[in-house]
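Have a look at the structure below before the remarks.
The values are calculated or read from the model by the stated rules, or taken from the named source; none is laboratory data. Predicted, not measured: the structure shown is a model, and the values here were computed from it. Just the protein is used for accessible areas: all its heavy atoms, side chains included, with ligands, DNA and RNA removed. Shrake-Rupley method; radii C 1.70, N 1.55, O 1.52, S 1.80 Å.
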Amino acid sequence: MSSKSKVGTFVALAVVLRLKSDALIIVLPNLRENSKYQGQDKLPVIVWMMLQASQGDLAMGLFLWAHHLLPIISGKNCNSQSMDLILLLVEWILSASKARTILVNGAARKGECLVTPSSFDILMRVTFPASSARVKATKRFEAIYPILNEVALVGSHGSKAMRQASQQIFNLAIVAAGESSPALSKEGAEIVIWCLNQNAECYRQWDKVHIDDLKARVAVLKRLLEE
């Protein structure tokens, strides 16, 4: 294929992705199964496609990022170049005009959260690592965490969707609250308290786990006393 043909292909693909960003949701699972698109060297193409989709729909861009790129960061094989690419995309999304309003208002897409509980757990852990595990990218995660936290936890108080999400998040947050990293433990405790405020069923979960997990129990009670 000539260079002109390649450029034309990318231009056409960019137009399609900006106009029909939903199409990437269908395509990505197939790309992950195709060996041609596997490996760190293929990541720039995936990120580029997500960037095009984001320009047509910011909420879709964050959905794709949280579901498909964020999990890569928690993998053992993620190098600094890959992490930089992944962060550049979400930083671009969050810096767009009226990004916060758009993302908070569109935090649930067709019944599925833009930032799922499992994605939120990854986000917490890369934002609040142990002091010995901090890297250059940690500050960048700290900068984007507040708005992503808001998107992950937004919703109608007491609604069915929020009750379900709070129960899932509770199970992850209580584990984080018991971690040795003071920053992660504190954040996990705050999320546990949020869950308790959202859903009375979380108190039943609390009854089951607080006796067995002394560190988590102390962290949550300490946070309650501070507030």
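Annotations for the structure displayed:
- Of the residues making up segment 180-227, those that are open to solvent by 80 Å² or more (accessible area, probe 1.4 Å) and outside any helix (DSSP H, G or I) are 180, 211, 212, 227.
- Entirely in segment 76-155, the helices (runs of 4 or more DSSP H) that have 3 or more residues that are open to solvent by less than 20 Å² (accessible area, probe 1.4 Å): 80-95, 117-127, 136-153
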